[in-house]
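Everything below concerns the one structure shown next.
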Amino acid sequence: MVTEFKFPDVGEGIKEGTVKKWLVKEGDYVKEDQVLGNIETDKAVVEIPSPVEGKILKVNISEGNIVKVGESMVVIGEEGEKVPEPDKKPSNVKEEKKATKSGEAIPARTETKIQAPPWIRKLATERGVDLSLVIPTGENGRITEQDILNSVKSEPKIKVKLNYDFYGHIEHIPFGGVREVIANRLSESLYTAPHAVAIDEADVTELWNLRKGMNEKMQESGIKLTFLPFIIRALTHALQKHPLINSELDLENKDIILKKYYNLGVAVDTNEGLKVLVLKKCEDKNLLQIQQEIVELSEKAREGTIDLADLKGSTFSITNYGSIGGMYGMPIINPPEAAILGIGKIKELPRVIDGKIVARRVMGLTVSFDHRILDGAEVARFITTLTQYLENPWMILLD
């Protein structure tokens, strides 16, 4: 059955709006209450949910165009059904005929014909029901309580988002897609695994000098090493010495599963939100191979062309907020892993060596860990090992 969905009276004095964005297109199959698009007015952004399930047969108002209350916006039906010509003239709200889910036309009623006692009028106001659109079933044309309740059920769930609050104008950004996936996964992690945090710092002055020298030597080749491949190599060695860090918890079988391979996830900031690309088998790769893989996967993640397989299978993750700024953070574990490493910005800071204050390059390290699997002592030993590698980079190259 064809349903012609018209822009309804959503209250707030809204008489017309601009179609800001359609979230569906002709040919799409939609479910009941699925949001079809957003209408922006001078007062609010209105989410338009579908009143019925079916196929979008016709979109009558293009994005950027104005739609008035009562004007046909979309036609929903089944494949092959005939699309009626849209009524160009918006109907007056009081005179409008409203389509119910069953397709039955409801004759409009004028205020003078409404027969409803005060308590029914109060109920209608509380439930947001327009009495002029209600079909009375009571004696002498009176509107009954059940008529109000039936009208509530048949009303599409219109959401009105005001463009202002008590203090001034505001803007709404849709929350969905990758952003929603990130939110759900991080919420699951934070509210499932009891997080604990260990913080330390590494004097990476020698690593700074080593990387600088290597890049100068490789200048003609066009290859430039960042700090991340060194950190990944150091981390892989540290994980091999502390296998419990590279594990996950299997509650169903009451097992802690140690991973004998080292697939390191690296969080990348993209326009779509945070994505964790996964470098497989880091124990078998040298610095240049790791650097090249980071560049390739990062570009694909930002372009939206990365393979799903390159976002799965990590055993331990790194988040490098130091590349943007900040010395310390509290990263949330990438489930089901046991821990995650946060890397801070490298800063030149005064440190005491042999009783003298000297300038050193210092990097902040934060490890968030699942306290069900790991105790603080094991994590402290792990950070100590990792720091030794970072402060003595020749160990990274030799091991």
- Task: Using the structure shown, decide if LYS275 is under 22 Å from SER187 (Cα atoms) and basic (Lys, Arg).
- Result: yes
- Exactly one of LEU235, LEU264, LEU228, LEU251 is open to solvent by 30 Å² or more (accessible area, probe 1.4 Å) and either out of contact with any Leu (no Cβ under 9 Å at 6 or more places or on another chain) or touching a residue at least 12 places away in the same chain (Cβ under 8 Å) (or both), and that one is LEU251
- Is there a residue in the range 21-29 that is touching a Pro at 6+ places or on another chain (Cβ under 6 Å) and either open to solvent by 60 Å² or more (accessible area, probe 1.4 Å) or among the β-branched types (Val, Ile, Thr) (or both)? no
- Enumerate the pairs (first residue in the range 363-390 and aromatic (Phe, Trp, Tyr); second residue anywhere and in a strand (DSSP E or B)) with beta-carbon separation below 6 Å, excluding pairs fewer than 6 apart on the same chain, so at least 6 apart or on different chains. PHE369/ALA196; PHE369/ALA339
- All-but-one check, ALA124 against (1) out of contact with any helix residue (DSSP H, G or I) (no Cβ under 7 Å at 6 or more places or on another chain); (2) aliphatic (A, V, I, L, M); (3) more than 30 Å from PRO331 (Cβ to Cβ); (4) assigned to a helix (DSSP H, G or I), failing number (1)
- Task: Exactly one condition in (1) touching a Ser or Thr at 6+ places or on another chain (Cβ under 6 Å); (2) at pLDDT below 95; (3) within 12 Å of ASN246 (Cα to Cα) is not met by ALA338; state its number.
- Result: (2)
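Residue-wise test of (1) touching a helix residue (DSSP H, G or I) at 6+ places or on another chain (Cβ under 7 Å); (2) of a type in the set (Gly, Ala, Ser).
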{"residue": "SER314", "(1), (2)": "no, yes"}
{"residue": "THR319", "(1), (2)": "no, no"}
{"residue": "PRO336", "(1), (2)": "no, no"}
{"residue": "GLY342", "(1), (2)": "yes, yes"}
{"residue": "LYS356", "(1), (2)": "no, no"}
{"residue": "LEU365", "(1), (2)": "yes, no"}
{"residue": "ARG372", "(1), (2)": "no, no"}
{"residue": "GLU391", "(1), (2)": "yes, no"}
{"residue": "TRP394", "(1), (2)": "no, no"}
- Note on the structure: Just one listed residue, out of PHE369, PHE382, is of a type outside the set (Asp, Glu), under 17 Å from THR315 (Cα atoms), part of a helix (DSSP H, G or I) and open to solvent by less than 20 Å² (accessible area, probe 1.4 Å), and it is PHE382
- Message: I need a count of the residues in the range 307-319 that are under 19 Å from VAL178 (Cβ atoms) and buried (at least 20 other Cβ atoms within 10 Å of the Cβ).
- Response: 3
- Output the number of residues of the range 112-155 satisfying the condition of being touching an Asp or Glu at 6+ places or on another chain (Cβ under 8 Å), at pLDDT 75 or above, β-branched (Val, Ile, Thr) and closer than 17 Å to ASP9 by Cβ. 1
- Determine the pairs where a residue that is on the phi > 0 side of the Ramachandran plot and modelled with pLDDT under 85, located within the range 13-36, has a partner that is open to solvent by less than 60 Å² (accessible area, probe 1.4 Å) and not in a strand (DSSP E or B) with Cβ atoms under 7 Å apart, the partner being 6 or more residues away or on another chain. ASP33/SER50
- Pairs, please: C-beta under 7 Å, at least 6 apart or cross-chain, first residue under 25 Å from LEU244 (Cα atoms) and in the range 294-322, second open to solvent by 30 Å² or more (accessible area, probe 1.4 Å) and aromatic (Phe, Trp, Tyr)? THR315/TYR261
- What residue, of VAL295, VAL352, VAL362, is hydrophobic (A, V, I, L, M, F, W, C), open to solvent by 30 Å² or more (accessible area, probe 1.4 Å) and within 19 Å of THR226 (Cβ to Cβ)? VAL295
- Filter the range 186-221 down to residues that are open to solvent by 70 Å² or more (accessible area, probe 1.4 Å) and free of Cβ contacts under 8 Å to residues at least 40 places away in the same chain, then give me how many there are. 8
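The values are calculated or read from the model by the stated rules, or taken from the named source; none is laboratory data. Nothing here was measured: the structure is a model prediction, and the numbers come from that model. Positions of Cβ are generated from backbone atoms using ideal geometry, with glycine treated the same way; all protein chains shown enter the neighbour counts. Please note that ligands, DNA and RNA were not included when accessible areas were found on the heavy atoms of the full protein model with its side chains. Shrake-Rupley method; radii C 1.70, N 1.55, O 1.52, S 1.80 Å.
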